[in-house]
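Trainee: Input: one structure, supplied below.
The values are calculated or read from the model by the stated rules, or taken from the named source; none is laboratory data. Values in this document were obtained by computation on a predicted structure and should not be read as measured data. Cβ: placed from backbone, ideal geometry, glycine included. Neighbour counts: every protein chain shown.
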Amino acid sequence: MIRLLIVDDSPFMRKVLTDICKKDEEIIVVGEAGHGEEALKKIPLLKPDVITLDIEMPIMDGIDTLKNITKNYNIPVVMISSLTTEGANLTLKALEEGAIDFIPKPKDIFKLSDEKIRSDITNKIKAASKYKIKLDYKKKSIIRPSKIHIPKPNSSTKEFEYIIAIGTSTGGPRALQSVLPLLSAKINAAIVVVQHMPPKFTKSLSDRLNVLSNINVKEGEEGDVLKRGCCYIAPGDYHMRVETINNKHIIRLNKEKPIKGLRPAADILMESVAKLDNLDKVGIVMTGMGSDGARGITEIKKSNGYIIAQDKESSVVFGMPKLAIETGCVDKIIPLNGIANEIMSIVGVQ
């Protein structure tokens, strides 16, 4: 059984989460707390396996509580976040501070009774329970590329030679922070990313990564023309594709039906990348729950692309990389802190 401690200043929210978890035979709610100080007193007594933690609370808020938990206990934390711009920014801060994942709190709290939302909540709690905290993404020393393969000059007038498609989910925001900031601004590629997040969250993530990175990082917009040294993150609740029009590679957004409950879906993005002519392709599947990306990298491989999967040890959740590897299409399995170096070794600079 997974022992769960629920921390939220709303008694109603605590009851809703308790009722949801009671219906799952793998989870037992061992206690509740209305604020951070109360939670910190209860942790050594209740010995939870996972903690759900509201961000905005009186007395001690979620961020300060999280810092105390990560400093003193080896317990995975799943944040409860409001679907606002401020909520998104605070959630990203929490993920940087060590939270494993987050549960979006809908404006209409009664929507938590929706079967898909209930399933997402229990699945995230169960996934967090399996994660053994072992990486400090903020403090871990990462070696920047020292040897870069420079492609031989050619007569091409293309602005860049490569397109890199990345798919990630649980643990992805911190994982992307360990990859994108290490890429050269002169990278011989454009980068497109699907990170499973709601609207507003992908914009906050893009803005945060842009501040940290040498490359330009932005949320993808309808009609964006891909440029060298730029990264485009699919906006929450939109599928993102890349199409070639008049020799330019253009982002297209749509609200077609979710794929296995996901919109955006990495499979959709990667399948469109596989169809692009005159570009070499790199497909990357990183930490995340589920199978998204497995079908997409298969198509990229068929178009002579190079495929990378994050290894089990450095993944928060090994679901997406594991199923990608099982396709037999992955060329290299490497730890998170080696992915940026591998990208630069493949594509070089221009």
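Trainee: Pairs needed: first member in region 302-315, more than 10 Å from Val285 (Cβ to Cβ); second member anywhere, of a type in the set (Val, Ile, Thr) and assigned to a strand (DSSP E or B); C-beta distance under 8 Å; at least 6 residues apart or different chains.
Mentor: Gly305/Val282; Tyr306/Val282; Asp311/Ile333; Asp311/Ile334
Trainee: If we scan region 336-346, do we find a residue that is crowded, with 17+ Cβ neighbours inside 10 Å and touching a helix residue (DSSP H, G or I) at 6+ places or on another chain (Cβ under 7 Å)?
Mentor: Yes, the conditions are met somewhere in region 336-346.
Trainee: Just to be sure before I move on: is Lys218 farther than 30 Å from Pro106 by Cβ and of a type in the set (D, E, K, R) in the structure I sent?
Mentor: The answer is no for Lys218.
Trainee: Considering only residues that are in a strand (DSSP E or B) and not charged (D, E, K, R), look in region 266-286 and name the one that is surrounded by the fewest Cβ atoms within 10 Å (Cβ to Cβ).
Mentor: Going through the qualifying residues, I end up with Val282.
Trainee: If you check Asp49 against the conditions, is it among the charged types (D, E, K, R), in contact with a helix residue (DSSP H, G or I) (Cβ under 9 Å, 6 or more places away or on another chain) and in contact (Cβ under 8 Å) with a residue 60 or more places away in the chain?
Mentor: In short, yes.
Trainee: Anything in region 54-71 that is of a type in the set (D, E, K, R), surrounded by fewer than 21 Cβ atoms within 10 Å (Cβ to Cβ) and either in contact (Cβ under 8 Å) with a residue 24 or more places away in the chain or part of a strand (DSSP E or B) (or both)? List them, or say none.
Mentor: Passing the criteria: Glu56, Asp61, Asp64, Lys67.
Trainee: Can you say whether Glu326 is assigned by TED's automatic domain parsing to the domain that holds Leu182, out of contact with any helix residue (DSSP H, G or I) (no Cβ under 6 Å at 6 or more places or on another chain), of a type in the set (Asp, Glu) and at pLDDT 95 or above, as far as the supplied structure shows?
Mentor: Yes; evaluated as a whole, the condition is true for this residue.
Trainee: Follow-up. Count, please, the residues in region 23-37 that happen to be buried (at least 17 other Cβ atoms within 10 Å of the Cβ) and outside any strand (DSSP E or B).
Mentor: Adding up the residues that qualify gives 4.
Trainee: Still on this structure: Which count do you get for residues in region 287-296 that are touching an Asp or Glu at 6+ places or on another chain (Cβ under 9 Å) and either surrounded by 24 or more Cβ atoms within 10 Å (Cβ to Cβ) or among the aliphatic types (A, V, I, L, M) (or both)?
Mentor: The qualifying residues number 5.
Trainee: Please determine whether any residue of region 46-53 is out of contact with any Leu (no Cβ under 7 Å at 6 or more places or on another chain) and either of a type in the set (S, T, N, Q) or outside any loop (DSSP other than H, G, I, E, B) (or both).
Mentor: No - not one qualifying residue is present in region 46-53.
Trainee: Let me ask something else. Quick check on region 249-256. Is at least one of its residues touching a helix residue (DSSP H, G or I) at 6+ places or on another chain (Cβ under 7 Å), surrounded by fewer than 23 Cβ atoms within 10 Å (Cβ to Cβ) and among the charged types (D, E, K, R)?
Mentor: No, every residue in region 249-256 fails to be touching a helix residue (DSSP H, G or I) at 6+ places or on another chain (Cβ under 7 Å), surrounded by fewer than 23 Cβ atoms within 10 Å (Cβ to Cβ) and among the charged types (D, E, K, R).
Trainee: If Met79 passes every condition in (1) within 21 Å of Lys126 (Cβ to Cβ); (2) part of a loop (DSSP other than H, G, I, E, B); (3) of a type in the set (A, V, I, L, M) but one, which one does it miss?
Mentor: Met79 satisfies every listed condition except (2).
Trainee: Testing Ser184 on (1) small (Gly, Ala, Ser); (2) more than 27 Å from Lys105 (Cβ to Cβ); (3) part of a helix (DSSP H, G or I), one condition comes back false. Which one is that?
Mentor: (3)
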